[in-house]
Every structure is written in C-alpha cells, then in structure tokens.
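Novice: What follows is a single structure, and I will ask about it in a moment.
The values are calculated or read from the model by the stated rules, or taken from the named source; none is laboratory data. Computed from a predicted model, the values in this text were never measured in an experiment. No Cβ is skipped: glycine too gets one built from the backbone with ideal geometry, and neighbour counts run over all protein chains shown.
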Protein chains: 2
Amino acid sequence: MKQPGEFELIERLCRDLPYGRRTLLGPGDDCAVLAPTRRPQLFTIDSMVEGVHFELAWLSPEQLGERALAVNLSDIAAMGGSPRSCVVNLGIRKGLGAAFFDRLYRGLGRAARAAGVDVVGGNITRSAQLTLTVALLGEVAGQVLRRDTARSGDEIFVTGTLGDSALGWRIMAGEIEARGAARKYLVDRFVAPQARLGAGRKLARMRPAPAAIDISDGLLADLGHIMERSRVGAEVDLAAIPYSRHYLAVAGDRADLALSGGEDYELLFCLRPGHSAPVLSRRLGVAVHRVGRIVERRHGLRLRRGDGRLVPASGMLGWDQLGVDP
Amino acid sequence: MKQPGEFELIERLCRDLPYGRRTLLGPGDDCAVLAPTRRPQLFTIDSMVEGVHFELAWLSPEQLGERALAVNLSDIAAMGGSPRSCVVNLGIRKGLGAAFFDRLYRGLGRAARAAGVDVVGGNITRSAQLTLTVALLGEVAGQVLRRDTARSGDEIFVTGTLGDSALGWRIMAGEIEARGAARKYLVDRFVAPQARLGAGRKLARMRPAPAAIDISDGLLADLGHIMERSRVGAEVDLAAIPYSRHYLAVAGDRADLALSGGEDYELLFCLRPGHSAPVLSRRLGVAVHRVGRIVERRHGLRLRRGDGRLVPASGMLGWDQLGVDP
C-alpha cells in the first residue's frame with residue numbers, strides 16, 4: 001500500500017545500492033530473488049523508532065542509516081554468522097525531504113558494503129515517527145552460537161567495554177555533562193556501534209560452541225536471557241566489569257549504566273573453564289574480559305561486590321527497574 | 001533495544017507458533033536458523049500502520065494478524081513463489097494489553113499455518129502507532145514473474161474483481177453507506193484479502209513467464225510500475241474492468257475505486273496474444289478478465305472509453321491524484 005510518491009522515493013533510494021552475485025533480482029519488483037544457499041541461514045529483524053530509540057538531533061542521516069543496519073548485524077554476530085542480504089521498511093513522517101532520505105540511504109549503503117550485505121528491497125509507509133526496520137539474512141559456516149547452551153561452571157566473558165553507549169545517550173539527552181574527547185568517544189559509542197562480526201565467527205569455530213548473546217538490553221538483562229534459555233543461574237563479579245577510561249572519567253563508579261544501560265552491542269559468551277582473557281582477546285581481535293560464571297539455576301542471578309559478598313541482582317534487570325525512559 | 005517487559009511479551013507470543021523441519025532454530029535467540037535452500041529465494045517486507053492503513057475499530061486483533069501476513073503473501077504470489085518463513089516487528093503503543101497481542105498472534109499463526117509459513121522470530125518496540133511489519137521469505141520452483149518482461153502486443157489480465165477493498169474501506173470510514181450482504185462482502189475484501197498464491201504459481205509455469213505484479217496500489221498505478229520497468233505503454237479497456245455485483249450495487253458506475261483504489265491484492269499479468277479468459281480462469285482456479293493490452297512506450301497509459309475513444313490516463317494514477325487520504 002504505497003502511494004505513488006512513496007513508490008518513486010523507494011525506487012530512487014534503491015537505485016544506487018550495491019548488490020552482488022548472490023542477488024539474482026534486486027530492488028524494484030514485488031520481491032527480491034536470492035540465489036540458493038548451501039549453508040544454514042540466519043534471519044532477524046530489528047527496528048529503530050524516532051523518539052524511542054533516537055532523536056534526529058543526535059545523528060546525521062548517514063549515521064542513522066548505518067546504525068539501523070549495525071544493530072541487526074550485531075544479531076548475526078551473536079550467532080557466529082556472516083550477514084548477506086537485507087530489506088528495509090521506512091516509516092516516514094512529514095517534515096523530512098528526499099535529501100534526508102538520500103543521505104540516510106547513503107549511510108545505509110556504505111554500512112552494507114562494508115559488511116558485505118546486499119540491500120535487496122524496501123518499502124515505505126507513512127508514520128507519525130520516523131521508523132527504520134531492517135530484516136537481515138545471514139549465513140553460518142558451521143555451528144551457531146545459541147543462548148540455550150550455557151552450563152553450570154562455564155565462565156562468562158564480554159567483548160569491549162560496557163555502559164559507554166548508555167552514557168553517550170544521557171550526554172546527548174542533556175542528563176549528564178561531558179566534554180572534549182570523552183564526550184566524543186561516548187556519544188560515538190551510541191551513534192556508531194560496531195557489530196562484533198569477526199569475534200562472533202571466531203567463537204563459532206570453538207568446540208563446544210559457546211553460548212552467546214549480543215548485549216543490546218544491558219549486561220544483566222541479556223545474561224538473564226541466557227539464564228532463562230539455558231536454565232542456569234549466574235554470578236557477575238562487579239569488580240571485573242570492563243569500563244572505558246572515558247566512562248570512568250565521566251560516570252565515576254556508577255555501575256548501573258554498564259550493568260543495565262543497554263545498546264552496548266558487545267558480545268557476551270560462556271566458555272568451559274580454563275580460558276585466559278588475554279589469549280581470547282588476541283584470538284578474537286577485540287579486548288575480552290571475564291566477568292563472572294554460570295552456576296546452578298537455583299542460585300538465580302547474583303552480583304559479587306568488592307568485599308567478596310554475593311548479593312541477589314533482583315531489581316536490576318533493565319531499564320524498567322532503573323526508572324530510565326530511553 | 002527491548003525492555004524486559006517487551007522481551008517477555010515476544011517470548012510469550014512466539015511460544016505457540018508452529019514451525020517445521022526447515023526451521024532449525026525458531027524464535028527466542030538472536031536470530032532464527034533456517035535450513036539451506038536448493039531453490040532461489042524470494043525476500044520481501046511490508047508494513048501496516050494504525051491510522052494510515054487501518055483503524056482498530058475495523059478489524060479484530062486476529063484479522064489484523066492475518067492481514068499483516070496476507071499483504072506479504074501477495075508479493076510472493078506476484079512472483080510465482082511459495083512463502084516459507086517470516087519474522088515480525090511489532091511497534092506497540094500504550095493502551096493495548098497482552099490479551100490483544102495474544103489474539104493478534106493467534107490470527108497471524110492461523111494465517112501462517114494455512115500458507116505453510118513458519119513464524120521464526122520477532123521483535124517489539126514502543127511506537128506512537130500500532131505497527132506490524134512482516135519480512136517474508138519464499139521459494140520459487142523455476143521461473144519468476146517479473147515486472148520488467150512485458151512486451152508490446154501482450155494482453156493484460158487481472159484476477160478477481162477490482163475496487164471492492166477500496167470501497168469496503170470507505171464504508172468502514174463512514175464515507176459511503178452500504179448494508180447487509182453487500183456491506184459484509186466489501187468490508188471483508190478489505191479486512192481479509194486473499195493472496196493469489198495458487199494462481200501465481202500456475203502463471204510461473206507458463207512459457208514465456210508472464211510479467212506480473214500484485215495490485216496493491218490500484219490497477220493504474222501498478223500497471224504503471226509494469227510500464228516503467230518494462231519500458232512499454234498500455235491501454236486499459238474501461239468496459240472490461242471486472243466489478244463484483246456488490247461493488248456495482250453500492251458504487252454504481254463509479255470507476256475510480258476500481259482503477260486507483262488500491263488494496264485489491266489481485267494479480268495483474270501480461271501474456272502473448274491468444275489466451276482466452278475462460279480457459280485461464282479454469283487453469284488458474286480464479287476468475288480472470290482481459291482488461292487491456294501492452295503497447296509501445298511512446299503511447300503512455302491510455303484508457304479506452306465506452307465509445308471506443310482512447311484518452312490519456314494522466315492524473316488518475318493513484319490516491320494522491322484522487323485527493324483520497326486512506
């Protein structure tokens with residue numbers, strides 16, 4: 001149900017998009033046609049809504065296009081796969097002109113090229129809020145990283161540092177002050193998250209395949225998803241949470257954004273004991289820290305404080321509980 | 001970026017969804033995992049937005065779920081394929097409870113089962129308007145029905161009758177009055193469109209493969225897409241447009257809704273001359289009417305009036321020009 005104006009816009013936006021041999025028919029027909037695949041496929045969908053997930057003042061149109069793809073790439077990374085093709089649904093509101101969407105698609109196309117993704121189709125509808133929904137197909141070479149394979153005794157690792165993006169959000173929202181390099185770094189972590197595709201693929205080559213998830217809802221909430229699906233409990237060592245120096249400079253010892261802020265797009269994964277974080281960091285090509293361990297389900301989720309005491313994490317599972325309204 | 005409440009809702013909604021052998025891992029992880037495919041795949045996305053495409057007073061939640069899938073199925077039908085797997089993004093607003101979404105997913109699940117589609121994943125975000133976005137994968141057995149293969153001399157056919165859905169819309173919106181069986185029939189045509197999957201697959205077996213499109217924007221607008229992609233012109237015979245008896249009873253000889261109303265989800269296709277509509281109707285299992293022919297591009301789009309005169313169709317290409325705000 002497109003109006004002619006909408007049809008012409010999507011035709012134009014799709015005109016310069018790159019696509020390769022695996023796309024037999026690109027944008028412009030009722031469906032795209034993709035070549036058959038020999039490998040299992042990954043399929044995911046995610047959406048960014050203006051006023052809920054972002055404000056236009058915070059990102060350029062190009063960055064918005066890149067980010068809409070990045071949050072989907074992160075889901076492919078968390079399964080250990082490689083992204084291949086996507087279709088995009090734009091909900092467009094009044095007040096945004098064709099030049100805006102040209103720039104948005106320039107960013108989307110750039111991010112797609114960098115990730116080896118063909119943008120094979122799209123649709124435009126009117127909406128009260130600008131909305132970008134991307135459905136992404138990927139492939140896996142062998143094993144997949146699942147949420148339901150963590151076992152008691154596993155050690156829990158995360159890539160990168162946590163809380164930067166949630167802090168960057170609050171800086172842009174004017175809730176927290178920051179300047180100079182710290183501000184730029186933290187805001188960038190929100191604006192331009194980097195999906196850990198390479199690390200995910202390397203994790204998928206390990207035996208047994210690690211349980212894994214991407215940290216989009218916050219460390220504790222996403223660990224909660226692993227716990228629920230794997231029917232296990234977990235302990236998180238608060239002293240081991242990896243912070244960036246800019247996070248520490250701006251937020252001090254405030255742990256909530258790193259635990260529950262969301263939007264990190266780092267990977268959390270669980271390995272049988274005995275792996276060293278420095279060795280893993282070299283192997284995965286990204287800094288890795290051990291942040292806790294999987295325990296039996298009856299223990300639920302507990303946090304180990306600086307004094308060594310274990311306390312239940314109940315009430316710290318996500319934005320809702322923090323009274324945060326992102 | 002889901003809040004915990006949203007995560008729990010999507011987990012619950014997906015719990016009872018059917019999926020079969022081609023889905024290696026269903027909802028609940030970062031991505032679904034699908035078995036490799038031997039055949040070319042179709043990939044499409046479409047969205048329904050409250051206040052733009054529908055009002056909640058018009059459909060039950062179950063019908064809404066069914067319809068969100070149906071409009072995507074129609075894109076697969078227009079390529080001559082079979083639908084296989086979908087992921088769903090729900091934009092949810094305040095004021096709609098879990099019972100509403102349970103019912104919506106019951107309708108979606110029912111439609112998916114009927115069409116042989118696995119609902120393999122989903123995502124929920126907050127939004128100002130209820131929004132249902134479905135990305136659908138399908139398969140093709142051989143040829144695909146494209147928009148860019150119409151040739152001068154081809155005859156243009158459509159399945160079913162046109163304008164019923166647009167008329168049903170206006171009845172629900174209170175713009176046009178209708179009662180009894182006519183009202184029910186016309187409203188149903190909007191509420192519960194039937195994708196022409198069987199007819200599409202049969203068309204894909206014909207040699208050469210017909211050019212085809214589904215009529216979602218209106219006969220003239222969608223024929224315009226064929227013309228643009230195939231670089232041809234077309235003539236539409238106004239006297240040959242197929243109307244339902246209920247359309248005629250309520251709208252009389254008003255042709256605009258049948259030409260440009262949109263939401264028909266019938267198929268338009270183009271064949272080399274010599275095919276008989278009655279024979280095609282039997283073969284495709286749905287009533288088929290010849291409505292015009294493809295001509296050279298320089299003629300553009302023309303309408304043949306009852307008196308035999310050809311008039312340019314400019315200014316009748318879609319909702320915009322009709323001053324209709326659906």
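Novice: From the residues in the range A:194-215 that are under 21 Å from A:Leu64 (Cβ atoms) and surrounded by fewer than 23 Cβ atoms within 10 Å (Cβ to Cβ), which one is nearest to the chain's Cα centre (by Cα)?
Specialist: Taking the candidates together, the pick is A:Gln194.
Novice: With respect to the numbered conditions (1) more than 19 Å from B:Asn72 (Cα to Cα); (2) without any contact (Cβ under 8 Å) to a residue 60 or more places away in the chain, which one is the sole condition not fulfilled by B:Arg205?
Specialist: Among (1) more than 19 Å from B:Asn72 (Cα to Cα); (2) without any contact (Cβ under 8 Å) to a residue 60 or more places away in the chain, B:Arg205 violates only (2).
Novice: So, one more: Just to confirm my filter: which strands (runs of 3 or more DSSP E) fall fully inside the range B:65-153 and include at least 1 residues that are over 30 Å from B:Arg231 (Cα atoms), touching a Pro at 6+ places or on another chain (Cβ under 6 Å) and at the interface with chain A (Cβ under 10 Å from one of its Cβ atoms)?
Specialist: Working: elements: B:82-92, B:118-126, B:131-139.
In the range B:65-153, the matching strands (runs of 3 or more DSSP E) lie at B:118-126.
Here is a yes/no grid of residues against (1) of a type in the set (S, T, N, Q); (2) farther than 26 Å from B:Ile124 by Cβ; (3) part of a strand (DSSP E or B):
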position	(1), (2), (3)
A:Phe157	no, yes, yes
A:Ser165	yes, no, no
A:Ile171	no, yes, no
A:Ala178	no, yes, no
A:Gln194	yes, no, no
A:Gly200	no, no, no
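Novice: Within the range B:286-315, restricting attention to residues that are within 14 Å of another protein chain (Cβ to nearest Cβ) and crowded, with 19+ Cβ neighbours inside 10 Å, which residue is modelled with the lowest pLDDT?
Specialist: Within the range B:286-315, the first condition is being within 14 Å of another protein chain (Cβ to nearest Cβ), and the residues that meet it are B:301, B:313-315.
With the extra rule that they be crowded, with 19+ Cβ neighbours inside 10 Å, the set shrinks to B:301, B:313.
Working: B:Leu301: 96, B:Ala313: 89.
If we take residues in the range B:286-315 being within 14 Å of another protein chain (Cβ to nearest Cβ) and crowded, with 19+ Cβ neighbours inside 10 Å, then B:Ala313 is modelled with the lowest pLDDT.
Novice: Could we say that A:Arg283 is away from every other protein chain (no Cβ under 14 Å), part of a helix (DSSP H, G or I) and at pLDDT 95 or above here? Show your work before the answer.
Specialist: Working: away from every other protein chain (no Cβ under 14 Å): yes; part of a helix (DSSP H, G or I): yes; at pLDDT 95 or above: yes.
So A:Arg283 passes the test.
Novice: Same structure again: Would you check which residues across the range B:217-246 are among the hydroxyl-bearing types (Ser, Thr, Tyr) and in contact with a Lys or Arg (Cβ under 9 Å, 6 or more places away or on another chain) and list them?
Specialist: B:Ser230, B:Ser244
Novice: If B:Val158 passes every condition in (1) over 30 Å from B:Gly274 (Cβ atoms); (2) in contact with a His (Cβ under 7 Å, 6 or more places away or on another chain); (3) of a type in the set (A, V, I, L, M) but one, which one does it miss?
Specialist: (1)
Novice: Being within 7 Å of chain B (Cβ to nearest Cβ) and among the polar types (S, T, N, Q) is the filter; apply it to the range A:22-52 and report the residue that is surrounded by the fewest Cβ atoms within 10 Å (Cβ to Cβ).
Specialist: Among residues in the range A:22-52 that are within 7 Å of chain B (Cβ to nearest Cβ) and among the polar types (S, T, N, Q), the one surrounded by the fewest Cβ atoms within 10 Å (Cβ to Cβ) is A:Thr37.
For every residue, the table says whether it meets (1) closer than 30 Å to A:Ile294 by Cβ; (2) within 17 Å of the chain's Cα centre (by Cα).
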residue	(1), (2)
A:Ser152	yes, no
A:Trp169	yes, yes
A:Glu177	no, no
A:Ala192	no, yes
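Novice: If I ask for residues that are more than 11 Å from chain B (Cβ to nearest Cβ), in contact with a Ser or Thr (Cβ under 7 Å, 6 or more places away or on another chain) and under 18 Å from A:Gly306 (Cβ atoms), which ones from the range A:220-268 would you list?
Specialist: Answer for the range A:220-268, where residues must be more than 11 Å from chain B (Cβ to nearest Cβ), in contact with a Ser or Thr (Cβ under 7 Å, 6 or more places away or on another chain) and under 18 Å from A:Gly306 (Cβ atoms): A:Pro242, A:Tyr243, A:Tyr247.
Novice: Being within 19 Å of B:Ala135 (Cα to Cα), assigned by TED's automatic domain parsing to the domain that holds B:Leu132, within 12 Å of the chain's Cα centre (by Cα) and among the hydrophobic types (A, V, I, L, M, F, W, C) is the requirement here; does B:Ile76 meet it?
Specialist: Working: within 19 Å of B:Ala135 (Cα to Cα): yes; assigned by TED's automatic domain parsing to the domain that holds B:Leu132: yes; within 12 Å of the chain's Cα centre (by Cα): yes; among the hydrophobic types (A, V, I, L, M, F, W, C): yes.
So B:Ile76 passes the test.
Novice: How many residues does the range B:112-131 hold that are of a type in the set (A, V, I, L, M, F, W, C) and buried (at least 24 other Cβ atoms within 10 Å of the Cβ)? Explain how you work it out, then say what you get.
Specialist: Quick first cut of the range B:112-131, residues of a type in the set (A, V, I, L, M, F, W, C) only: B:112, B:114-115, B:117, B:119-120, B:124, B:128, B:130.
Now narrow it down to the ones that are buried (at least 24 other Cβ atoms within 10 Å of the Cβ): B:112, B:117, B:119-120.
Here the count works out to 4.
Novice: Follow-up. Across the range B:260-273, which residue is surrounded by the fewest Cβ atoms within 10 Å (Cβ to Cβ) among those that are modelled with pLDDT of 95 or more and either of a type outside the set (D, E, K, R) or farther than 12 Å from B:Leu219 by Cα (or both)?
Specialist: Looking at the filtered set, the residue picked out is B:Pro273.
Novice: Being at pLDDT 95 or above, within 28 Å of B:Ala182 (Cα to Cα) and buried (at least 23 other Cβ atoms within 10 Å of the Cβ) is the requirement here; does B:Tyr247 meet it?
Specialist: Details: at pLDDT 95 or above: yes; within 28 Å of B:Ala182 (Cα to Cα): yes; buried (at least 23 other Cβ atoms within 10 Å of the Cβ): yes.
Spelling it out, B:Tyr247 is indeed at pLDDT 95 or above, within 28 Å of B:Ala182 (Cα to Cα) and buried (at least 23 other Cβ atoms within 10 Å of the Cβ).
Novice: Return the residues of the range B:121-152 that are in contact with a strand residue (DSSP E or B) (Cβ under 6 Å, 6 or more places away or on another chain) and more than 23 Å from B:Gly80 (Cβ to Cβ); say none if nothing qualifies.
Specialist: B:Gly121, B:Gly122, B:Asn123, B:Ile124, B:Thr125, B:Ser127, B:Gln129, B:Leu130, B:Thr131, B:Leu132, B:Thr133
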